[in-house]
1. Taking only DSSP H segments of four or more residues, each worth -39500 (n - 2.57), what value at 222 nm results for the chain once the sum is divided by all its residues, to the nearest 500 deg cm²/dmol?
2. Can you say what percent of the DSSP beta bridges in segment 287-445, counting only those with both residues inside, are antiparallel? Round to 5.
3. Can you compute the charge dipole magnitude of the chain about its Cα centre, using +1 on each Lys and Arg Cβ and -1 on each Asp and Glu Cβ, nothing else charged? Give it in debye, rounded to the nearest 20.
4. Can you figure out the FRET efficiency of Ala265 with Leu381, using R₀ = 25 Å and their beta-carbon distance, to the nearest 0.05?
5. Normalised by the number of residues in the chain, what is the relative contact order in percent for Cα pairs under 8 Å and 6+ residues apart?
6. Simple spin-label model, 7 Å along Cα-to-Cβ: Ala425 to Glu102 in nm?
7. With no solvent and one equal point scatterer placed on each C-alpha of segment 269-316, evaluate the Debye formula and give log10 I(q)/I(0) for q = 0.13, 0.20, 0.25 Å⁻¹, two decimals.
8. Can you name the helices of the chain, as whole DSSP H runs, whose Cα span along the helix axis is 30 Å or more and whose Kyte-Doolittle mean is not below -1.0?
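A short reminder: the numbers here are calculations on the coordinates, not readings from a lab. Worth saying up front: this structure is predicted, and the values here are computed from it rather than measured. Here Cβ is always computed from backbone atoms with ideal geometry, including for glycine, and neighbour counts include all displayed protein chains.
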Amino acid sequence: MPGWLRSRGFSLALAAAALIATPFSRTAALVMLALAAAHLALAGAERQSRLRSLGESARRMGEGDREARALELPGDAIGRLGTTLNRMAELSRARLADLELERDQRERVLSHVSDGVALLDSAGRVLHANQSLADIFGLALPPARGTRLQDVLRLSDIDAVIETSRREGRTIERELRFWTPAERVVRVTATPLEGAADRALLLVLQDHTEAERVDRVRRDFVANVSHELKTPLTSLRGYAETLLDGGLDDLEHREGFVRVIRDQAERLQALVEDLLALSELERPDARLRLERFDLRPLVERAMAMLRERAERKQLEFVLVPGAPVPLRADRGRIEQVVANLLDNAIKYTERGAVTVALGGDEAHAWCEVRDTGAGIPPDDLSRVFERFYRVDKSRVRDVGGTGLGLSIVKHILTLHEGDIEVESAPGRGSRFRFELPREGSGPSES
Ligand code: ADP
């Protein structure tokens, strides 16, 4: 039996029907009938208001209001409808939460992918794009959903890849070069997604700029090394053949030939030693053997070993007196830094002096090597620390440098978290000054 039949209005109406049979109670029966009618009217109005409230709750739920709840009491048909509505809302909230979680996880994965990724609809509008795509093209944020990718990037080469991929219905890959604004090399892959109703297309962009730079540096390096080896080897072979073709009997010149052979062999040896030192320093696991020592006696020893060469060129070779400079560093490698700077100063100075000074404060130790030699033109100053960079190639051939000395110096100081700077005036001389943390920073062995 429906609930309203069991309601108070219906009971009153039944009682009135019973009373109407007797004349005494006719008036009471009429009053009761009137009461029953009023009660039924009131119940109808209440039902309507509950139904309206139910409708309102359903509307808010439909609009995604997570706080919306339908009234479940009293537990009649309307109340049960409210319960069902609330259960449905709860279910769809749980489904929505699952979908949101899934979407967030997908976006988190995509945002951590180093490749740029964009999903496009059939009109080229962005359905999804990640931050790496924005980074590749120097944009602050990925293009918003619904924007046309070609309007954002304005790169006709990419449009062409997308267009070809759509037309041919297959994956198209191209390596493209952009200026956005710096030069970038990007591998673009466009794939039409099979079975996608909206003819979606997946665009993947891999930034190959750094890989290409490393590759170019490696190729240049191999070309440079081959070139450096070729000159002394050609010379060695030439003089050896001259000796074999009768040169051995040329009493006047044969000693000279042998000296050239020795000098070229020394040059080769220096080159190989510098290359080995450099490759050792460039290893990702390069370590420093940190120990405590005084920089002053180390510099004195390095100068003692080169004094004869400086004197042969009649150069003044001076160490400015001063206090000890204790520090913690890789002694062998700092010896190499000092030796390379002194060697250059003597090599590129024809007259005047090579002067060394050193000192320090609480945090740093420093050393500077000044000369009165050829100097370095301003345009070359920033490049002298590059591998094989020489200011004047013809002149340097005569003095026999490998072109690697300063790049070794720079590497050693960088490993120590130190630095080097150079000032120079062409024709008047140069000043190289390096600085090191006193307490030994860098990747140490212990
Ligand atoms: P190299 O073995 O040729 O000396 P480095 O790497 O030590 O190679 O130096 C690179 C270049 O920097 C040298 O070829 C030279 O042109 C220039 N240079 C270095 N030190 C000096 C200096 N003290 N005076 C003038 N030029 C210098």
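1. Dividing the helical sum by the residues of the chain leaves -17500 deg cm²/dmol.
2. Of all bridge pairs located within segment 287-445, approximately 85 percent are antiparallel.
3. Dipole about the Cα centre, nearest 20: 2560 debye.
4. So the FRET efficiency works out to roughly 0.15.
5. So the answer I get is 8 percent.
6. Result for the modelled spin labels: 7.5 nm.
7. -0.57, -0.93, -0.92
8. Helices passing the filter in the chain: 26-62, 77-112, 209-244, 254-282.
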